[in-house]
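> My structure is below; once you've seen it, I'll send some questions.
Read the figures in this text as sums done on the coordinates, not as results from a lab. What you see is a predicted model, and the numbers here were worked out from it, not measured in a lab. Note that we place each Cβ from the backbone using ideal geometry, even for glycine, and neighbour counts take in every protein chain shown.
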Amino acid sequence: MPRRKVYLYPGECYHLYNQGNNRERVFYEHENYLFFLQRLRVYLIPVLDIVAYCLMPTHYHLLVKIRKTSETSAGVSKAMMQLAVSYTKAINKQYDRVGVLFQGPFQAKYVDHDDYLIHLSRYIHLNPVMAGLVEQPEDWEFSSYHEYTGLRRGTIPTPEVVLSQFPSVETYREFVETYSTGERKIIE
């Protein structure tokens, strides 16, 4: 297995993401998203905390914090590989297809400061809006925005990592809604 360019350290936050091979769909219908989230619980929750997430038709974003009890970067990489392989096998079987589903191994970017952390969470939650899939982030079912704003009590995300940076949930909601394209440079 090739060595990761970004080493994943316990206790640190990262943006993990991947897209469909040739930018094709990885989620074809409602049940696919739910199955991916179920697999995410099985493989990733034991090694990391999912701070925020968004599943899009052709890709996914995960903002994660590696658990301090995680052995090494290889342990997280193994869990991510198991997630991708498990999901790909299920999709290939369901849709009578063969071959890879994702465009290579997942990508990782180190989240090196709190400003980046909060802006990245906003970017992730606004992804379906920016893609023109919905008008408001709360309209997209397959994102952790619902847990951030109290619309759903899910068991996947740990929003307090980000929400602790804000005086209230309403302040976070305003932060997301007042996004300007100039702030994208913080993410990049």
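> Would a scan of segment 123-141 turn up a residue that is farther than 29 Å from residue 25 by Cβ and of a type outside the set (Asp, Glu)? Explain how you work it out, then say what you get.
So in segment 123-141, the residues farther than 29 Å from residue 25 by Cβ come out as none.
The answer is no; no qualifying residue exists.
> Let me ask something else about it. Can you tell me which residue in segment 22-48 is farthest from residue 142 (Cα to Cα), limited to those that are among the polar types (S, T, N, Q) and surrounded by fewer than 16 Cβ atoms within 10 Å (Cβ to Cβ)?
Taking segment 22-48 as the starting set, the residues that turn out to be among the polar types (S, T, N, Q) are 22, 32, 38.
Narrowing the set further to residues that are surrounded by fewer than 16 Cβ atoms within 10 Å (Cβ to Cβ) leaves 22, 38.
Values: 22: 22, 38: 12 Å.
This residue is 22.
> Inside segment 73-94, can you point out the residues that are under 18 Å from residue 27 (Cβ atoms) and either loosely packed, with under 14 Cβ neighbours inside 10 Å or not hydrophobic (A, V, I, L, M, F, W, C) (or both)?
The initial filter retains those residues of segment 73-94 that are under 18 Å from residue 27 (Cβ atoms), namely 80, 83-94.
Correct list: 86, 87, 88, 89, 92, 93, 94.
> Next question. Do you know which of the residues in segment 95-106 that are touching a residue at least 40 places away in the same chain (Cβ under 8 Å) and more than 15 Å from the chain's Cα centre (by Cα) is surrounded by the fewest Cβ atoms within 10 Å (Cβ to Cβ)?
From segment 95-106, those touching a residue at least 40 places away in the same chain (Cβ under 8 Å) are 95, 99-106; that's our starting set.
From what's left, more than 15 Å from the chain's Cα centre (by Cα): 95, 99-101, 103-104.
Details: 95: 11, 99: 7, 100: 12, 101: 20, 103: 17, 104: 11.
So the residue we want is 99.
> Among what's in segment 107-162 and is among the β-branched types (Val, Ile, Thr) and farther than 14 Å from residue 50 by Cβ, pick the residue that is nearest to the chain's Cα centre (by Cα).
The first filter runs over segment 107-162 and keeps only residues among the β-branched types (Val, Ile, Thr), leaving 111, 118, 124, 129, 134, 149, 155-156, 158, 161-162.
From what is left, the residues that are farther than 14 Å from residue 50 by Cβ are 118, 129, 134, 149.
Values: 118: 14, 129: 16, 134: 18, 149: 17 Å.
Step by step, filter segment 107-162, then rank; the result is 118.
> Condition first: surrounded by 14 or more Cβ atoms within 10 Å (Cβ to Cβ), in contact with a Gly (Cβ under 9 Å, 6 or more places away or on another chain) and more than 30 Å from residue 115 (Cβ to Cβ). Can you find one or more residues in segment 49-72 that meet it?
Scanning segment 49-72 turns up no residue that is surrounded by 14 or more Cβ atoms within 10 Å (Cβ to Cβ), in contact with a Gly (Cβ under 9 Å, 6 or more places away or on another chain) and more than 30 Å from residue 115 (Cβ to Cβ).
> Have a look at 125, 146, 119 and point out the one that is in contact with a helix residue (DSSP H, G or I) (Cβ under 7 Å, 6 or more places away or on another chain), without any contact (Cβ under 8 Å) to a residue 12 or more places away in the chain and in a helix (DSSP H, G or I).
146
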